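Shown next, in C-alpha cells, is the structure this report addresses.
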Amino acid sequence: MNKNLYDLLYLIKRNIKMYFKDKGTFLISLITPAILLILFITFLRSLYTSSLEHYIPEGVIISSRVLNGFTAGWLVSSILASSCITIAFCSNTIIIADRANGIVDDILVTPVKKTVLSLSYLISNYITTTIVCLACLGLGFGYMAIVGWYLSFNDVIMIILNTLLLTLFGSLLATIIESFIKSMGVGTALSTLVSSMYGFLCGAYMPISQFSDSIQNFIKFLPGTYGTILFRYYFVRGATEALGKDLPAEAIDSIRVNFDTEIEFFGNKLSNGTCFLIVGVTALVLLAAFIAIVLIRDRAKVKKTEVAVAKN
Amino acid sequence: MDKIERNIIEVKHLKKYFGQVKAVDDISFCVKEGELFAFLGLNGAGKSTTINVIAGISTKDSGTISIDGIDIDNHTDETKTKVGIVFQNSCLDKKLTAYDNLRLKAALYGIKGKAFEDRLEELADLLELKPLLKKSLEKMSGGQRRRIDIARALIHKPKILILDEPTTGLDPQTRIMVWSCLNTLKDHKEVTIFLTTHYMEEAANADFVVILDSGHIVADDLPNHLKNKYAHDFIKIYDKSDELIRVLKEEKMKFEEKDDFIRIEVKNVEQGKEFIIAHADLFKDVELLKGTMDEVFLNVTGKVLTGGSANE
C-alpha cells in the first residue's frame, strides 16, 4: 500500500479512537441534541401540538398518532440539523488539542506529510460526526416508529443523504476554522458558542418563520439553513400528507411555511433539488478552500526551505 | 578496536529568526557518533529552536545541517528516520495505552506487524516497559510516562536520540531513572545522545558541551576542559583554625569562610596539591575539587543558572 495512504489510515484511526476515548469531548458534543431533547420533553412538544391544533377546524378529529408523528419528525429534524454542525465543531477540537499539546510536532518528526495529517483530521472528523449523527438518526427513527411513523423509503434515503451532505459541510467548516486556532481556550469557547448559537440559527429551537424579516433574510444566506429545510421536509412530509386528508389545503400550506418545510429566497420558492445543490456546492467550495489552505501552508514551508538553501 | 570518530550531525552557520528575535544566530557545531552531547543554556537561549530545526519540525532561515552525511533540505524523510526525539513535555496521547501509542508511531515509520512486535519486545526489555504496555498514559506516573516517551523516540531504531530537557520538572528519583536509561543506551545501543539541559550536573556528565546564550555559542569543549578554562579548582578544609586563616591571608590566597569549612580558590590542581602538602600540619579533613559547571556558566555568560531561571 502507498505510504501516504497507509499513514492517512493510521492517523484517521487514531483521531477517531481519541474522540471516542475522550468522554469529555464526546459528551460535550452531545450537548445540543440533549438540550433539544429536554426542551422537547418539557414544553416544545406541547407547543408544537397546540400550534398544529390551531389549524384543525372545529369538529375535525385528527389522530394523535399523526400529531405525534409530526412533532417527533420536527424534533428529530431539529436534532439532526444542529448536530451535523455542532458535533463537527466539538469533535474537531482534537486539531487544536494536538497543536496545543505538541502532538502535531511529535507526528511531524516522523516521515509523515503535513498534507496527510491535515487530511486525516478532516476525514476522521467527518467519520466521527457521521457516526454520532447516524446514531442520533437511528434513535430518532426508533422514537418515530413508536409514536407515529409516516416516512416513506424515499424519505429515509433522502434524510440519510442529507445527513451525509450536511455533515460534510459541517466537517469542512469546522476543520477550516479550527485549523487556525492555536489555544484550547479559544477552541472550547468556539465549540460552546457554535453549540449554543447554531441551534437558534438553524431554527432548531423555534421555526425560522417565527424570526423577524431581517433575521430571516440573514439566515437565508447561511448554507446550513437549506440542510435544515430538507430535514424538515422529509421528516414531516408523510405526517403532513396524513394531515392533508382531514385539513383544508390552505391550512396545510400554512403548516408548511410556519414549520419550515419549505423556504422562499426573496420571493422564489426553492425546490428540494435547489436546496441540495446549495449545500452541495457550498461543501465543494469549502473543500476547495481546505485544499488551497493545506497546499499554501505546505508550499510556504517548501519556499522557506528554498530561501534558506539559496542564502547558503 | 577504537571506532573512528565521525560527525553524525554537522550544523553550519544556522540562523533562525522570529521577526526581530534572533532565536539562533549563526551557530556551527558538530556531534560525534556515539557521544553524549549536551546543549546547555537558559530558557530562550535557542536550544529547543535548534533541535526543532534538526528534527525537521521548524524550517531554518539559513545555514546547513547534515545528519549522518545527508543534507536535511534534500532528504527530509530520510533524515527524519535517523532521529528520535523526546520532547520536554510528553507528546503522547494520554487517553491511549502505551501499546497503542507506540504502535501508531511505529506505523508512521513504516514499522508494523512482526517487525513492530520484535522492536517493542527489545524496548520493553531495555526500559522495563512490560507492565506498562496495557496501561493508558493518563494513569501513569511522570517517570513511567518518560520511559514511554523514550521508547517512542527509539521505536524506529534512530541513530540519534535528541532529548529536550528530559528531566525538567521530574523528581530526583525519576531523574536518576531517566539517566540510568540514557547511560544504558549509550553503553549498549550505539546511539548518539543529543541533550539540551539547564542542569549543570547533567551537562557535566556529557562527552561534549556547547553553551548557548541568546542564540550564540559562547563556549564549547569537553566538560573538563571547560572547567579548566572557565572555572577555578578549590580546596575545602573542614577543620578551621586561626592559624590556617593567618596563613591564607599571609599567602594572599582567595578564600571564603563557610559555617563548617573554608573554601580556598586555587589556580589548578597542582597549586592545590602544593598548598595541601606545604600546610598538612594545619588540617586533617580536606578535599581538592575541580571547578563546577555552574562556575563555568557564570564566567562564560555572566548569568547564574538556577533551575532554568537566570540571575545576572
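In terms of the mean number of neighbouring beta-carbon atoms within 10 Å, the peptides B:82-91, A:60-69 order highest first as B:82-91, A:60-69.
The length gained on full extension between A:Ser64 and A:Leu27, counted as 0.36 nm times the residue separation minus their Cα-Cα distance, comes to 10.0 nm. Helices in chain A, meaning DSSP H runs of at least 4 residues, each add -39500 (n - 2.57). Divided by all residues, the mean residue ellipticity at 222 nm is -26000 deg cm²/dmol. Within straight-line reach of A:Lys245, meaning a Cα separation under 26 Å, sit the following lysines at least 8 residues removed in sequence or on another chain: A:Lys269.
Computed log10 I(q)/I(0) for segment A:89-186 at 0.12, 0.18, 0.22 Å⁻¹: -0.51, -0.84, -1.08, from the Debye equation with unit scatterers placed on every C-alpha and solvent omitted. Mean partner shielding of peptide A:77-83, defined as the number of other chain Cβ atoms within 10 Å of each residue Cβ, is 0. Neighbouring Cβ atoms from other chains, within 10 Å of the Cβ of residues in A:15-23, number 3 on average. Based on C-alpha pairs under 8 angstrom that are at least 6 apart in sequence, segment A:3-311 has a relative contact order of 26 percent. Counting only DSSP beta bridges with both residues in the protein assembly as shown, what percent are antiparallel, rounded to the nearest 5? That works out to approximately 70 percent antiparallel. Hey, any idea what Rg/Rh is for the protein assembly as shown, computing Rh the Kirkwood way over Cα pairs? Looking at the protein assembly as shown, the ratio lands at 1.16.
Computed over segment B:153-207, the quotient of the alpha carbon radius of gyration and 2.2 N^0.38 Å is 1.10.
Taking other Cβ atoms within 10 Å as a rough exposure proxy, A:Ser179, A:Ser254 sort from fewest to most as A:Ser254, A:Ser179. For the listed peptides A:144-150, A:262-268, A:181-187, a ranking on the average number of other beta carbons within 10 Å per residue, highest first, reads A:144-150, A:181-187, A:262-268. Counts of other chain beta carbons within 10 angstrom of each beta carbon in peptide A:99-106 average 6. Partners of B:Lys273 within straight-line reach, counting lysines whose Cα lies under 30 Å from its Cα and excluding those fewer than 8 residues away in the same chain: B:Lys227, B:Lys229, B:Lys236, B:Lys240, B:Lys249, B:Lys252, B:Lys254, B:Lys258, B:Lys284, B:Lys290.
Of all aspartates and glutamates in the structure, those lying under 19 Å Cα to Cα from A:Lys113, and not within fewer than 8 positions of it along the same chain, are A:Asp7, A:Asp98, A:Asp105, A:Asp298, A:Glu306, B:Asp71, B:Asp73, B:Asp77, B:Glu78. For the listed residue pairs A:Lys17/B:Lys135; B:Lys12/B:Lys47; A:Lys3/B:Lys60; B:Lys60/B:Lys159; A:Lys21/A:Lys182, the alpha carbons are over 19 angstrom apart in A:Lys3/B:Lys60; B:Lys60/B:Lys159; A:Lys21/A:Lys182. The order of the peptides A:202-213, A:26-37 by mean Cβ neighbours within 10 Å, most packed first, is A:26-37, A:202-213. Between B:Lys32 and B:Val269, the simple label model (points 7 Å from Cα in the Cβ direction) yields a spacing of 1.9 nm. When each of A:Cys90, A:Cys133, B:Cys181 is scored by the number of other beta-carbon atoms lying within 10 Å, the sequence from fewest to most is B:Cys181, A:Cys133, A:Cys90.
Given a 10 angstrom Cα cut-off, can you work out which residue in B:Ala278, B:Ala107, B:Ala153 is the most mobile in a GNM of chain B? Of B:Ala278, B:Ala107, B:Ala153, the most mobile in the Gaussian network model is B:Ala278.
Throughout, read-outs are computed from the coordinates displayed, never taken from laboratory work. From a predicted model like this one, the values you see are computed outputs, not experimental measurements. Virtual Cβ from ideal backbone geometry, glycine too; neighbours counted across all protein chains shown.
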